[in-house]
Amino acid sequence: MGFNADPRFFEAMGSVQATPQTLEGLENWRDLAPLQQPTYTDPAELETVLEELSSVPPLIFAGEADLLTSRIAEAAAGRAFILAGGDCAETFVDAQADKIRRRIQTVLQMAAVLTYAGSVPVVKMGRMAGQFAKPRSSDVETRDGVTLPSYRGDIVNGHEFTPEARRHDPHRLLQAYHVSSSTLNLIRAFTQGGFADLRRVHDWNTGFLGSNPNYHRYEQIAREIDRALKFMAACGADFDALNSVEFFAAHEALLLEYERALTRIDSRTGNPYAVSGHFLWIGERTRDLDGAHVDFLSRVHNPIGVKLGPTITKDEVLRLVDRLDPERTPGRLSFITRMGAGKIREKLPALLAEVGHELPQVTWVCDPMHGNTITAGNGFKTRRFEDVVEEVAGFFDAHAEAGTVPGGLHIELTGDDVTEVLGGGAEIDEEGLRRRYETLVDPRLNHDQSLEMAFQVAELLTKASRA
Ligand code: PEP
Ligand code: CO
């Protein structure tokens, strides 16, 4: 499979159907006043960067995106479960081998527990290798009487509170591409070799349990997994064949100049694909039906997601489906609900009752993070571990009630021992947040909290799969 960005390629080929309309449509978003975009001061500088981005090699291939669509379709049907995890905002300086390895390790450890509990394959995705752009509620930030542009993620500007760092710099688009490329290279290396060996992943989980205060609660699942592995070994299972795993890259498709420049035509089919990542989603703030983001993503053939907050209506959902998935292709569209622990039990069952059965091709995923952000007494932006778990429980209950399929989880996490989310086995309290608070945007579950979450979701998944 390959790509060719030049439309003349298709004229020469004759048989491939990249119509001028398809290519033109890729520019439509420009007329739709895209929200949350950077403002660059030098158009020539931007043009040079975009030209370069238009000719760099793709980060992912169309065939991989199609494979992911088929995997997500399995989740829509209840025959697989999605686990997407990673930073709220990746940063350039943190794109280091050890940090990336620990994040992948955390997702693999969670996936092992969920695979066992759900008795279905877990489709693994990272909010990684491209999750650099952040929507912000305000364009500016004021500190001690000084007002500067808000930090919009490393792909746009720097976090440091100086006019130089906060300038929107188009060269950061190129830097984001290169950092994504090296991150993805490492992801591919880690997940294709012995690192992902199931027995090794289980050993890590056993180690985690040894040090967790809630050990007794999770012990039984761990012991059952142990017995299952021994059973497989006794039956002569080929563990070597199991030591590579599929791992896909996902990010919010926020910066449309970046996504457009990294869109290529698949030479097999003539269809456009965003080659900046396998799975792209539209955020809660940019999912306007007539907006630029919905228009642009309607035209690429990757599997895509849309975040749905508590104000979403039945009509909006159906119109989003008409715009983004007119052919009702299983796996093409995921709805990632992020209602908040206090609202999900009121909002989601009603929505699913109204539209769930009309949309069997859609995959419902739970983001239990973004509806549960609070400010601690000492000013830290945080979340409560118990709210995060409660939203997941509400998600499973809502689907059980409506007879629809809970298809996956979307989590902000890190493999490091940070203190950004309150609670969990180590009972991080408000004072504890000071110890190691590193995120530049939203608070992430640390390594131990992520695994605790996996064990608690395992209980819910076991119940759901036996219902
Ligand atoms: C995010 O996923 O980091 C995010 C900003 O989410 P939402 O669009 O749901 O607020
Ligand atoms: Co976030």
Can you list residues from other chains, or at least 5 along the same chain, whose modelled amide H is less than 5 Å from the amide H of R436? T419
Given the rule -39500 (n - 2.57) for each run of at least 4 DSSP H residues, summed and divided by the residues of the chain, what is its mean residue ellipticity at 222 nm, to the nearest 500 deg cm²/dmol? -13500 deg cm²/dmol
Just the number: Rg to Rh for region 325-437, Cα atoms, Kirkwood Rh, two decimals. 1.07
Run the reach check for K347 against lysines, Cα to Cα strictly under 24 Å, same-chain hits fewer than 8 apart removed. What comes back? K307, K314, K463
Take L32, project a point 7 Å from its Cα along the Cβ direction, then tell me which residues of region 296-331 have their backbone nitrogen under 17 Å from it. 296-308, 316-327
For region 157-285, list log₁₀ I(q)/I(0) at each q in 0.12, 0.16 Å⁻¹, using the Debye formula over Cα point scatterers of equal strength and ignoring solvent, two decimals each. -0.78, -0.97
Using the Cα centre of region 86-166 as origin and beta-carbon charges of +1 (Lys, Arg) and -1 (Asp, Glu), tell me which of C88, S150, G126 is placed farthest towards the positive end of the dipole. G126
Rounded to 5, the percent of DSSP beta bridges in the chain classed as antiparallel: 25
Inter-label distance for S181 and S70, nm, one decimal - labels placed 7 Å from Cα along Cα-to-Cβ: 2.9
If you take the C-alpha gyration tensor of region 382-467, multiply each eigenvalue by 5 and take the square root, what semi-axes do you get, largest first, in whole Å? 27, 11, 11
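How much length is gained on full extension from D417 to E459, taking 0.36 nm per residue of separation minus their Cα-Cα distance? Please list the in-between numbers first.
Values: separation 42, 0.36 × 42 = 15.12 nm, distance 2.44 nm.
Full extension of this stretch gives 12.7 nm more.
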Rounded to two decimals, what is the ratio between the C-alpha radius of gyration of region 177-234 and 2.2 N^0.38 Å? 1.53
Taking max minus min of the Cα coordinates of the chain on each principal axis, largest first, gives extents in Å of 61, 60, 45
Averaged over all directions, how much area does the convex hull of the C-alpha atoms of region 223-305 cover when projected, in nm²? 9.2
Could you run the Karplus curve 6.51 cos²θ - 1.76 cosθ + 1.60 with θ = phi - 60° over region 416-422 and give me ³J(HN,Hα) per residue in whole Hz, x for Gly and Pro? 9, 8, 7, 10, 10, 10, 6
Roughly how far apart, in whole Å, are the Cα centres of region 413-435 and region 168-235? 20
Calculated FRET efficiency for the pair A97/A234, C-beta based, R₀ 30 Å, to 0.05: 0.25
Please compute the length gained on full extension between V140 and T41, using 0.36 nm multiplied by the number of residues separating them and subtracting their Cα-Cα distance. 34.0 nm
Which of the GluC sites (Glu not before Pro) across region 391-447 are loop residues per DSSP, with 11 or fewer other Cβ within 10 Å? E427
The local net charge around L209, scoring Lys/Arg +1 and Asp/Glu -1 for residues other than L209 whose Cβ lies under 12 Å from its Cβ, equals -3
Note, region 362-377: 3J(HN,Hα) by Karplus (6.51, -1.76, 1.60, θ = phi - 60°), whole Hz, Gly/Pro = x, goes 7, 9, 9, 10, 9, 9, x, 9, 6, x, 10, 8, 9, 9, 6, x
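Since every read-out is calculated from the coordinates, none of them should be taken as a lab result. Quick caveat: nothing in here was measured; it's all calculated off a predicted structure. FYI the Cβ positions are ideal-geometry reconstructions off the backbone, even for glycines, and counts take in every protein chain you see.
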